[in-house]
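Notes for the one structure printed next.
The values are calculated or read from the model by the stated rules, or taken from the named source; none is laboratory data. Since the model is a prediction, treat every value here as computed from it, not as a measurement. Cβ atoms come from the backbone with ideal geometry, glycine included; neighbour counts cover every protein chain shown. Surface areas here come from the heavy atoms of the whole protein model, side chains and all, with no ligands, DNA or RNA. Shrake-Rupley method; radii C 1.70, N 1.55, O 1.52, S 1.80 Å.
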Amino acid sequence: RSLRKFEPLQRGGFGQLTEVGMYACGPTVYNFAHIGNLRTYIFEDLLRRTLEFNGFKVKHVMNITDVGHLVSDADTGEDKMEKGSRQTGKTAWEIAEFYTEEFQADMRRLNLKEPTIWCRATDHIQEQIDLIRCIEAKGFTYQVSDGIYFDTSKLPDYGYLGRLDIAGLQAGARIEMGEKRNPTDFAVWKFSPSDQKRQMEWDSPWGTGFPGWHLECSAMSAKYLSPYFDIHCGGEDHISVHHTNEIAQTEACYGTRLANFWVHGYFLQMDENTRMSKSSGEFIRIQTLIDLGYDPLAYKFFCMSAVYRQKLNFTWEGLDAAAKSLDRLRIAAYEMGDPGTLDENYLERFADCINDDLNMPRAAALIWELVRSELQAPVKKATLLAFDAVLGLGLAEWTPKEEEIPQLILDLVAKRQLARAEKRWKDADSVRAEISAAGYEIMDTPEGPKVKPTK
Ligand code: AMP
Ligand code: ZN
């Protein structure tokens, strides 16, 4: 909600890079990620690379939510993992494994950097139980029939991140509250139902059950970063419940704030009003785009046409434009040849754009200005590759694809070669005419004939 100059909490020692702690809420692995989810991870990757561009070392922690995320944010309904299991006949563990790998594959296809640390909720049950014990010892919990809850009324500034209207919520929610003392109270531990065995459950001092969804992030960020760290990010939907509750847990146990900076990515939506969600009909995945012939990086480039702090409408026209534009950039970069020395002035201007709260539309305009500039090709290339350390478009590796020539044309080329070898020049010429009528041209080179489509 405001721009603040980024200052790290800790400085690296002599000769060391300063390390910045960054925690990003990871996927709930009961289904594939859709391109909306991935917009958030693309923004986080840009944030991380921007910090690195500025000379910081980033410790990037991402969790995998494989237990405890219930269908409803109000701590009711089925666990998304168990629901997935019921629907597919696979175990919750198999589902988690499968979708975790699919998610990581999507990240690679978008050329997103691998987090420094991946951490699964189910691998950190002890840490989560310890955190509940700590919160309990400080007097913030109470027990009801289905679990242990956090009493949000005990935290004076509860809800500040989302500017929650606590009084209004209190007045409106009397009926649905069940045994909860306040509408904003949330489960930190849920008991397994007495009449059915869950696939994922653990013993605890309070009884067999599983951790509440918000708990894992407070427990694992404290373990791998520290209770108070530099940057916490996620999608905008996390502001009012998930991140608000992470803050409550950490403040209750450690008496510190959770993160120095909160950075939220805004939603990708299908049109003005509908957000893309895992339960909605329009579920577009990276694989969907690939099946339709798009390069995943074209989607990444599309995301860069907007600032992360605003909603972005997905349209196929927009994606087509981004794909064309990316192709032009790749070809331009390829034709620049080998890199020389970079242009410091352009580099500084690029830093100004990305350091202006990741202003990618401004950065994109600068990229085209550089491409069209009077600078020498090797200088342009080196500068563009330095930009690409942040953009992650793989410009250094890209080469134009060999055009696929249909077999029919290749056969004609062979026929013409034979005619030439036998000095039947007239035949050779007529085959050439046939090839050209089919939309291809032949160039005779020292290595033999080359065919390409006529432009
Ligand atoms: P989930 O797997 O549902 O826990 O969500 C993974 C990430 O995607 C979270 O950071 C969400 O805030 C984010 N997210 C969910 N839907 C969208 C969307 N339509 N656009 C952008 N980010 C989203
Ligand atoms: Zn989280």
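Residues checked against (1) over 15 Å from residue 312 (Cβ atoms); (2) within 13 Å of ligand 2 (Cβ to nearest atom):
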residue	(1), (2)
237	no, yes
247	yes, yes
253	yes, no
256	yes, no
260	yes, no
265	no, no
269	no, no
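Among the residues of segment 335-354, those identified as surrounded by fewer than 20 Cβ atoms within 10 Å (Cβ to Cβ) and part of a helix (DSSP H, G or I) are 335, 344, 345, 347, 348, 349, 351, 352. How about segment 92-105: which of its residues are open to solvent by 60 Å² or more (accessible area, probe 1.4 Å) and either within 11 Å of residue 200 (Cβ to Cβ) or hydroxyl-bearing (Ser, Thr, Tyr) (or both)? Within segment 92-105, just 93 meets the criteria.
Take the conditions in a helix (DSSP H, G or I), more than 30 Å from residue 5 (Cα to Cα) and open to solvent by less than 60 Å² (accessible area, probe 1.4 Å) and apply them to residue 332. Does it pass?
So residue 332 passes the test.
When segment 249-258 is filtered for residues that are buried (at least 19 other Cβ atoms within 10 Å of the Cβ) and either within 20 Å of the chain's Cα centre (by Cα) or more than 22 Å from residue 1 (Cβ to Cβ) (or both), the ones remaining, listed by number, are 249, 252, 253. Taking the listed residues 123, 75, 79, 66, the one that is within 16 Å of ligand 2 (Cβ to nearest atom), farther than 30 Å from residue 348 by Cα and open to solvent by less than 10 Å² (accessible area, probe 1.4 Å) is 66, with no other qualifying.
Within segment 33-61, the residues that satisfy the criterion of being among the aromatic types (Phe, Trp, Tyr) and within 10 Å of ligand 1 (Cβ to nearest atom) are 41, 43.
Considering only helices (runs of 4 or more DSSP H) fully contained in segment 1-115, which possess at least 1 residues that are modelled with pLDDT of 95 or more?
On the way: elements: 35-53, 80-88, 92-109.
Once the helices (runs of 4 or more DSSP H) in segment 1-115 are filtered for at least 1 residues that are modelled with pLDDT of 95 or more, what remains is 35-53, 92-109.
Is there a residue in segment 402-424 that is hydrophobic (A, V, I, L, M, F, W, C) and either under 30 Å from residue 265 (Cα atoms) or within 27 Å of the chain's Cα centre (by Cα) (or both)? No; the residues of segment 402-424 include none that is hydrophobic (A, V, I, L, M, F, W, C) and either under 30 Å from residue 265 (Cα atoms) or within 27 Å of the chain's Cα centre (by Cα) (or both). Among the residues of segment 194-244, just one is among the polar types (S, T, N, Q), within 16 Å of ligand 1 (Cβ to nearest atom) and touching a Lys or Arg at 6+ places or on another chain (Cβ under 9 Å), namely 240.
Against the conditions (1) touching a residue at least 12 places away in the same chain (Cβ under 8 Å); (2) more than 26 Å from the chain's Cα centre (by Cα), residue 344 satisfies every one except (1).
Taking the stated definitions as given, is residue 380 of a type in the set (Lys, Arg) and at positive phi? Outline the logic, then answer.
Numbers: of a type in the set (Lys, Arg): yes; at positive phi: no.
No.
Taken over segment 21-60, the residue count meeting the criterion of being touching a Pro at 6+ places or on another chain (Cβ under 8 Å) and of a type outside the set (Gly, Ala, Ser) is 3. Only residues that are farther than 20 Å from residue 227 by Cα, within 33 Å of the chain's Cα centre (by Cα) and open to solvent by 20 Å² or more (accessible area, probe 1.4 Å) were counted across segment 129-161, and they come to 0. Of the listed requirements (1) surrounded by 12 or more Cβ atoms within 10 Å (Cβ to Cβ); (2) free of Cβ contacts under 8 Å to residues at least 24 places away in the same chain; (3) touching an Asp or Glu at 6+ places or on another chain (Cβ under 8 Å), residue 431 misses just one: (3). For residue 108, the test of being within 13 Å of the chain's Cα centre (by Cα), among the charged types (D, E, K, R), under 19 Å from residue 259 (Cβ atoms) and more than 16 Å from ligand 2 (Cβ to nearest atom) is failed. The residues of segment 9-40 that are touching a Gly at 6+ places or on another chain (Cβ under 9 Å) and open to solvent by 20 Å² or more (accessible area, probe 1.4 Å), listed by number, are 9, 10, 17, 19, 30, 31, 37.
Which residues, taken from segment 62-82, are within 14 Å of ligand 1 (Cβ to nearest atom) and not charged (D, E, K, R)?
The first filter runs over segment 62-82 and keeps only residues within 14 Å of ligand 1 (Cβ to nearest atom), leaving 62-73, 79-81.
Scanning segment 62-82 gives 62, 63, 64, 65, 67, 68, 69, 70, 71, 72, 81.
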